[in-house]
1. Does residue B:287 meet the test of being buried (at least 17 other Cβ atoms within 10 Å of the Cβ) and away from chain A (no Cβ under 14 Å)?
2. Only one of these is under 20 Å from residue A:133 (Cα atoms) and surrounded by 17 or more Cβ atoms within 10 Å (Cβ to Cβ): A:172, A:165. Name it.
3. Could you check the range A:369-422 and list, in sequence order, the residues that are of a type in the set (Val, Ile, Thr), more than 25 Å from the chain's Cα centre (by Cα) and open to solvent by less than 10 Å² (accessible area, probe 1.4 Å)?
4. Just checking, which of A:170, A:188 is part of a strand (DSSP E or B) and not hydrophobic (A, V, I, L, M, F, W, C)?
5. Could you pull out every one of the helices (runs of 4 or more DSSP H) wholly within the range B:113-226 that has 3 or more residues that are within 23 Å of residue B:35 (Cα to Cα) and more than 14 Å from every other protein chain (Cβ to nearest Cβ)?
6. Just one of B:34, B:60, B:51, B:42 is out of contact with any His (no Cβ under 6 Å at 6 or more places or on another chain) and assigned to a strand (DSSP E or B); which is it?
7. Does residue A:273 satisfy the criteria of being away from chain B (no Cβ under 14 Å), of a type in the set (Asp, Glu), in a helix (DSSP H, G or I) and free of Cβ contacts under 8 Å to residues at least 24 places away in the same chain?
8. Between a residue in the range A:323-337 that is within 9 Å of chain B (Cβ to nearest Cβ) and any residue that is of a type in the set (Phe, Trp, Tyr) and buried (at least 20 other Cβ atoms within 10 Å of the Cβ), which pairs come within a Cβ distance under 9 Å, given they are 6 or more apart or on different chains?
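The values are calculated or read from the model by the stated rules, or taken from the named source; none is laboratory data. This is a predicted model, so every value here is computed, not measured. Virtual Cβ from ideal backbone geometry, glycine too; neighbours counted across all protein chains shown. These area figures cover heavy atoms from the full protein model, side chains too; ligands, DNA and RNA do not enter into them. Shrake-Rupley method; radii C 1.70, N 1.55, O 1.52, S 1.80 Å.
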Amino acid sequence: MTGLPVIAYLGMTHLGLCSAVAAASKGFSTVAFDRDVDLVRRLDAGTLPVVEPGLDDLLRVNRARVSFTADTAALRACDVLYVAPDVPTDDHGQSDCSVLNDLVELAVGTARPDATIVVLSQVAPGYTRARQASGRSVYYQVETLVFGRGVERATLPERFMVGCPDPARPLPAALDAYLRAFDCPILPMRLESAELAKISINCCLVASITVTNTLAEVCERVGADWSEIAPALKFDKRIGHGAYLSPGLGIGGGNLERDLATVIRLSESHGTEANVIRAFAGNSAHRRSWVLRTLHMMLLADRPDARIGVLGLAYKENTHSVKNSPSVALIHHLGPWMVQAYDPVVRSVDGLDEVKHAESALDAARGVDALAIMTPWAEFRTLNAAALAAAMRGRVVLDPFRVLDGRAAQAAGLQYRTLGVN
Amino acid sequence: MLLRHIDAYGASTPERVVVVGAGGFVGSAIVGELAAAQIPTLALTRQSVNLTGPDAARTLAALLVRGDAVVFVSAVAPARTAAHLMTNLTMAHAAATALAAVPPSHLVYISSDAVYADDATPVTEASPVAPSTMHGMMHAARELLFRTEVPAPFVALRPTLIYGAADPHAGYGPNRFRRQAARGEPITIFGEGEERRDHVAVEDVARLAVRSVRHRSVGVLNAVTGVSTSFHDIAHIVAAQFTPHAVVQSVPRPGPRPHLLHRFFDITTCYEVFPDFHFERLATGLARVHREVSATTAAMPARANAT
């Protein structure tokens, strides 16, 4: 290797794409590979399949260093090959690793003998150890992508956690040079430790989310306001300013659920005690249905003709993903009622054919008896409460994420409900 | 398993529904609801078939037709003793034997929320079955018996405390309070009556049973309103229905103050599977029961005069 190493990312879904563009932004020639020729053609034309703030611009600026290709021969030129497809999960949190397995086999069979192969997709402990090929070490690196913050997470990582077949040995030079370009701590560890580290991070996040949601519900019953408590907690250094202390509708998206399912599976296989993980899942299911329960209690029991507006379909802001979306789940259970919805990005959802898709947030609120703001998109924060009140037929506004100013909503005559306060 | 529907649209009208235990408080309400829905019904009471008798299984089987939908609501309740427990299991065993011989198209079992652990809160259909009473154990065992022995889609409805005008029991709660007030006695509550419980109208239990029949539902559904009210508040609601208002009087608890005072339910599953079903609010239901009982009471002397 002379000069900067050439980096490859295999699998051009969310993780691989964000990571490849981030590599180019650090000055590395980057091969962005996918077997899907049509996808590669669209990427080459600048059409990205994901919504991620700043990604289009970052690619445009660094376009000269990114080569989108479906040609496996291009991988022979690479010094470090990251295998990075998104790993889909089913409704039970089980991963489908078929695409990952295929690309790992491709990398092992195609890469130069001196090249380094790194699995970046999230896998269960033991996966990478089982892929060690004779004469070639396969590494594992923990991905920390966050939907909606993919560019930030890929270009400004807090640290790298690298699983090594033998952590006592130095990292391969090309991989080391690449990681050092990001100017953050590099933590080598056993393969199994790295694989479990990602799961551990997510379990800690879920613990914070669950504690928050548990206490937010208590707040709703005892006259407290979680929004007053959370900032105080963040000043505690053991909790910290970055802690996940915003109440929400359980845990969504699929990745966190997958990790909970993995820990439960490991517990069942090895006889460890993991009831708290089951409790996380139970609390998530309970809070996820807050809007449905509240709608029934405030409105639907007495209004068989009610019309409901839903703002947001994506499972969180700044993403097009509707996987495990509380909004989609809500609409599925509002069968007898007319629903009109608006999302800035998601225009249709399989199985929601009865929903009328509005052209704007205010349009979705027009004539409805209740409005549920299910995704905290930034544009919803600009909604004027008085304008909403004027557009709506009824008064009920359910705003779990406090997108609106609650006082302004109440001043506009709306029956405003949010999480964490009565 | 929570609840799913074999018929998502609830359009199933079985050729016949057999209600076993049709003479009881809940059973007669279900028969009434089936009649209102114009669903052909065979109402079996203790007089039709004695489920504790030696020939019970054969007698019941002879009354069944393959493909009947069956609602089983017969029980010696509440089951307080080991003898009650064994009698109830004997009844269920006889019924399961008959239903195995003449398989129904669908089996609805009216169970109880007593199958859940006392400290489960909020209770959902996913809460562990861990009964602490003979009554709860009886229903849990019967659910298992029917689920495993009868080759048919099976649903268990688990009602909580049921009230209604025809309730023959005088257990602690609205029915006893109403009777005390009607006799001109003070309504007595234990301690401050602060325990909060969910109370469901028998008509709502019956409506859920018929919906389950129509949807051929499978799994478990709690027949509960999702609103828990203190006995203190219920006593005062009932007291205010009488003129002059009845007196509510605190009396010492018959035993130690329970560690877990309240029971709450999360009824999300009901919202999800029967989105347009809503429970009668307790105050509304108690007022309706009061009117029904008052009308019946007023009519009785008139009928007596007529004869």
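1. Details: buried (at least 17 other Cβ atoms within 10 Å of the Cβ): no; away from chain A (no Cβ under 14 Å): yes.
Taking the combined requirement at face value, the residue does not satisfy it.
2. On the way: A:165 fails: surrounded by 17 or more Cβ atoms within 10 Å (Cβ to Cβ).
Checking each option against the conditions leaves just A:172.
3. Applying the first criterion (of a type in the set (Val, Ile, Thr)) to the range A:369-422 yields A:373, A:375, A:382, A:396-397, A:403, A:418, A:421.
Add one more test, that the residue is more than 25 Å from the chain's Cα centre (by Cα), and what stays is A:396-397, A:421.
A:396, A:397, listed by residue number.
4. Values: A:170 fails: part of a strand (DSSP E or B).
A:188 is the lone residue from the list that is part of a strand (DSSP E or B) and not hydrophobic (A, V, I, L, M, F, W, C).
5. Values: elements: B:134-149, B:174-182, B:202-215.
Passing ranges, in order: B:202-215.
6. Values: B:34 fails: assigned to a strand (DSSP E or B); B:60 fails: assigned to a strand (DSSP E or B); B:51 fails: assigned to a strand (DSSP E or B).
It is B:42.
7. Values: away from chain B (no Cβ under 14 Å): yes; of a type in the set (Asp, Glu): yes; in a helix (DSSP H, G or I): no; free of Cβ contacts under 8 Å to residues at least 24 places away in the same chain: yes.
No, not satisfied.
8. Within 9 Å, the pairs are A:333/B:271.
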